[in-house]
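First comes the structure, then the notes that go with it.
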Amino acid sequence: MGMTMTQKILAAHAGLEKVSAGQLIEADLDLVLGNDITSPVAIKEMDKMKVDGVFHKDKIALVMDHFIPNKDIKSAEHCKCVREFAAKHEVSNYFDVGQMGIEHALLPEQGLTVAGDVVIGADSHTCTYGALGAFSTGVGSTDMAAGMATGKAWFKVPSAIKFNIVGKPSKWVSGKDVILHIIGMIGVDGALYRSMEFMGEGIKNLSMDDRFTIANMAIEAGGKNGIFPVDDITVEYLKTHSKRPYQVFEADEDAEYDEEYTIDLSTLKPTVAFPHLPENTHTADEAGDIAIDQVVIGSCTNGHISDLRTAAEILKGKKVKKGIRCIIIPATQQIYLEAMEAGYLKTFIEAGAVVSTPTCGPCLGGYMGVLAAGERCVSTTNRNFVGRMGHVDSEVYLASPAVAAASAVAGKICAP
């Protein structure tokens, strides 16, 4: 029996000719990622190991993004800890105020992740980089510490689910709608510790930003990782953003999959995940009359320039409904600059929205948009668990930038 794309990448990094589902392996790492919340824990664990430095100063990325600029003394102390560690070990890829960005948008933009890589990150949405044809997955801070020290990690080789993507999406259907549809179909544990492998002729109709969004939320279906094949769109992105060599791995024709699904993009509609799980999905046109208090457009899932372009297209010449707070967050400084040069920021401000510096902020109920009891938010973020964005009695509805922008104007959940 052949190997899946994920299995081939893991075999290569373990120095093995073949691996199979369930096998325990030790693999070499191309990048270890941490942020301002998870890195301090890993740094303390490294101190306990009494190791002499990091395994490779160019293969570690430390991104201050959750509470940046610092929102309080605790977050300032966390960042100080990481800042001093990065300086002590001469970590090349340290990102702070001025070079900031939400980690999972920033690393591909900076060319730090490429096809064929094995990447671990102390953040569950590290699976984002599978959009580039890499194996990437989230780990705990202790595993991050071991990775920074040794450049290696242990994995149980995952089995896989195959998603055959066909057709072409209609205008307002994006990667967010695709992954919400899939999660609604298989459930939040439908891909538990399995690789979600996307392939098929319809992939050519998904932009890189769509793919980043889909791979990002593989974890919301319980997946170990999500991964896309490397095609011309991927290669063009890699050439534009990275100088690193990359390696293309393709699944064998006789690769074994636990399950196979076909997703016809042409049949999908703008989709919303109701509280309090990403699997609780409904199409936006069947949402009913649900009044909202806040809209957030941003995050590692949907803070790309294409997301802001979509929001600007809908908000152009319109006004956010009185009483609605609309918060827009470009995912990186570069995206912020592109949005400014394209006139999107002017459109947002004239519509009555506010534009934040890049931060995870409201996604995890951190700051820049925390919800009070009884409030409802339409958000382009990736999770809507109880209390995720604030008070336990608040509600989060996950949606695409198109649905979020349209809902900001309407004052209730609606299709664009």
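The values are calculated or read from the model by the stated rules, or taken from the named source; none is laboratory data. Keep in mind that this is a model prediction, so the values were computed, not measured. We place every Cβ from the backbone using ideal geometry, glycine too, and count neighbours over all the protein chains shown. Keep in mind that these areas ignore ligands, DNA and RNA; they rest on the heavy atoms of the full protein, side chains included. Shrake-Rupley method; radii C 1.70, N 1.55, O 1.52, S 1.80 Å.
Points to keep in mind about this one:
- Length gained when the stretch Met49-Lys171 is fully extended (0.36 nm per residue, less Cα-Cα span): 38.6 nm
- Ignoring lysines fewer than eight residues from Lys168 along the same chain, the ones with Cα atoms less than 24 angstrom from its Cα are Lys176, Lys204, Lys269.
- If you run the Gaussian network model on the chain, springs between alpha carbon atoms under 10 Å, then out of Ile227, Ile37, Ile102 the most flexible one is Ile37.
- Most to least accessible of Asp264, Asp289 (protein chains only, probe 1.4 Å): Asp289, Asp264
- Qualifying aspartates and glutamates (Cα of each under 16 Å from Cα of Lys321; at least 8 residues distant if same chain): Asp289, Asp293, Glu350, Glu375
- The length gained by stretching the chain between Thr357 and Gln99 to full extension, at 0.36 nm per residue less their Cα-Cα distance, is 91.8 nm.
- For the chain, built as a Gaussian network whose Cα springs stay under 10 Å, the top-fluctuating residue of Ala291, Ala353, Ala312: Ala291
- Dipole magnitude of the chain, debye to nearest 20 (Cβ charges: Lys/Arg +1, Asp/Glu -1, about Cα centre): 1180 debye
- Each of Asp393 and Glu250 was given a label point 7 Å from its Cα along the Cα-to-Cβ line. The distance between the two points is 5.8 nm.
- Percent accessible area from carbon and sulfur atoms, the chain, protein chains only, probe 1.4 Å: 51 percent
- Computed on protein heavy atoms with a 1.4 Å probe, the accessible areas place Leu62, Leu16 in the order Leu16, Leu62, largest first.
- Sorted largest first by accessible area at a 1.4 angstrom probe radius, with every protein chain in place, the residues Lys176, Lys71 fall in the order Lys71, Lys176.
- Applying the Kirkwood pairwise sum to the alpha-carbon positions of the chain produces a hydrodynamic radius of 21.3 angstrom.
- Computed on the range 53-106, with alpha-carbon pairs under 8 angstrom and 6+ residues apart, the relative contact order is 54 percent.
- Note on Glu260 and Asp72: the model spin-label points, each 7 Å out from Cα along the C-beta direction, lie 5.2 nm apart.
- In this rough spin-label picture, where each label sits 7 Å from Cα along the Cβ direction, the Ala373-Met185 distance is 4.1 nm.
- Comparing Leu10, His78, Ala149 along the charge dipole axis of the chain, the residue lying farthest to the positive side is His78, per the Cβ-charge model.
- Once the Cα-Cα distance is subtracted from the 0.36 nm per residue extended length, the His56 to Asn164 segment shows a gain of 35.1 nm.
- For the range 153-160, putting each phi into the Karplus relation 6.51 cos²θ - 1.76 cosθ + 1.60 with θ = phi - 60° gives couplings of 8, 8, 9, 9, 4, x, 6, 9 Hz, in residue order, rounded to whole numbers and with x for Gly and Pro.
- Zone residues, the range 251-275, relative to Ile290, backbone N less than 15 Å from point 7 Å out along Cα-to-Cβ: 270-275
- The per residue volume of the convex hull around the alpha-carbon atoms of the range 89-219 is 131 Å³.
- Most mobile listed residue (Gly167, Gly317, Gly121) in the chain, GNM with C-alpha springs under 10 Å: Gly317
- Calculated FRET efficiency, Phe385 to Ala87, Cβ-Cβ distance, R0 = 51 Å: about 0.90 to the nearest 0.05.
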